[in-house]
Amino acid sequence: MLSQTLINPSFWSNVMQSMIESTLTEKSYWDDVWHGVKLPAEIKRSDNNLLLNRELDVFEKYLPKEALSILEIGGAPGQYLAYFYKQFGYQIHCLDYSEAGCEKTLKNFEYLNIKGQVYHADLFSGELDLPKFDIVFSMGFIEHFTDLDLVVGKHLQYLKPGGTLILGIPNFLGINKLFLKSLAPGMLSKHNLSTMDISQWKAFEAHYRLETIFKNYIGGFEPMTFLIKEKNSFWNSVLFLKARFLNKIFHQHFSVLRNFNSKYFSAYAIGIYRKPFG
């Protein structure tokens, strides 16, 4: 997920802008992206990233506090895994189909002096020679696929019975969609917006008999979601200036509103589930 999983805001802003002219599933594109990542990269609480703080609040409230194995799907360059290693003491594993992304992840772990395993493989290339993990997660991965049931099933394939599944996804519905339709329609078209209506997740929850631990939109209204400009035009310039203004005031003066969430304005959604034993 490139919209909200920030290593630093300026880097991800550039990535989002280049997405507009790129195909998200092309390995060559992602190789180029990860070649440009500056290391070390890790997720930390920050006064400048209130949405990320809300994500970490959810993790620290609902995830087990014991030494467990965790796999991130589409995990380059390992910034979330670094957080889980330091905060929870998890044994960290990354799966990514970009060779450059895997190399960056290994270097990132080396820079941060943490131990982690990296697998260079395509999740959809068939049965992978991977162990089962206590926790499997992805942040901003599932919205790039049309068959949500299939992609969730691939996550569960590598999760132990009774293990924890975490799914994070940006929300481009509601007011976010209104801005993005004008500012970045190309980027918007590369996401399956139906996956962002978490009421639709009931289908795969029932199919796989998942126990819901947490499921909700988080982060409240986050103007950074649509702080992108695909084409220069008078109308886009006006909208972009409005987005910058909203971003400033909602970070400085209206942070309390982040306690209110809805698919019509929140920036992100997270689901945490337990896989059945039988």
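Just one residue in the set Glu66, Glu103 is assigned to a helix (DSSP H, G or I) and either out of contact with any Gly (no Cβ under 8 Å at 6 or more places or on another chain) or not polar (S, T, N, Q) (or both); that residue is Glu103. Whenever a residue of the stretch 116-137 is in contact (Cβ under 8 Å) with a residue 24 or more places away in the chain and over 13 Å from Gly101 (Cβ atoms), it has no partner that is loosely packed, with under 11 Cβ neighbours inside 10 Å and of a type outside the set (Lys, Arg) lying with C-beta atoms less than 7 angstrom away and at least six residues away or across chains. Counting the residues of the stretch 173-209 that are closer than 23 Å to Gly163 by Cβ and not in a helix (DSSP H, G or I) gives 2. In the stretch 238-274, the qualifying residues are those that are exposed (fewer than 13 other Cβ atoms within 10 Å of the Cβ) and over 21 Å from Asn49 (Cβ atoms), and the one that is modelled with the highest pLDDT is Leu241. Would you pick out the residues in the stretch 77-110 that are of a type in the set (Lys, Arg) and either within 15 Å of the chain's Cα centre (by Cα) or over 21 Å from Glu55 (Cβ atoms) (or both)? Passing the criteria: Lys104, Lys107. What are the pairs with Cβ atoms under 9 angstrom where one residue, in the stretch 159-179, is closer than 21 Å to Ile135 by Cβ and the other, located anywhere, is surrounded by fewer than 20 Cβ atoms within 10 Å (Cβ to Cβ) and acidic (Asp, Glu)? Sequence gap at least six, or different chains. That search, which allows pairs on different chains as well, returns Leu159/Asp134; Lys160/Asp134; Gly162/Asp134; Gly163/Asp134; Thr164/Asp134. The residue list Ile169, Ile175 contains one member that is of a type in the set (A, V, I, L, M), over 23 Å from Gln91 (Cα atoms) and crowded, with 23+ Cβ neighbours inside 10 Å, which is Ile169. Among the residues of the stretch 126-142, at least one is among the acidic types (Asp, Glu) and closer than 14 Å to Tyr273 by Cβ. Evaluation of Asp149 against the conditions (1) in a strand (DSSP E or B); (2) among the charged types (D, E, K, R); (3) out of contact with any Ser or Thr (no Cβ under 7 Å at 6 or more places or on another chain) shows that the sole unmet condition is (1).
Within the stretch 81-90, which residues are surrounded by fewer than 18 Cβ atoms within 10 Å (Cβ to Cβ) and either outside any helix (DSSP H, G or I) or aromatic (Phe, Trp, Tyr) (or both)? Even if it seems obvious, please write down each step before you answer.
Start the filter on the stretch 81-90 by keeping residues that are surrounded by fewer than 18 Cβ atoms within 10 Å (Cβ to Cβ), which leaves 86-87, 89.
Across the stretch 81-90, the qualifying residue is only Gly89.
Restricting attention to the stretch 125-145, the residues being buried (at least 18 other Cβ atoms within 10 Å of the Cβ) and charged (D, E, K, R) number 2.
If I filter the stretch 61-76 down to residues being surrounded by 24 or more Cβ atoms within 10 Å (Cβ to Cβ) and at pLDDT 95 or above, which single residue comes out as nearest to Lys38 (Cα to Cα)? Ranking the qualifying residues of the stretch 61-76, first place goes to Glu72.
The values are calculated or read from the model by the stated rules, or taken from the named source; none is laboratory data. Since the structure is predicted, the reported quantities are computational estimates derived from the model, not experimental observations. Every residue, glycine among them, receives a Cβ derived from its backbone with ideal geometry; neighbour counts consider all protein chains shown.
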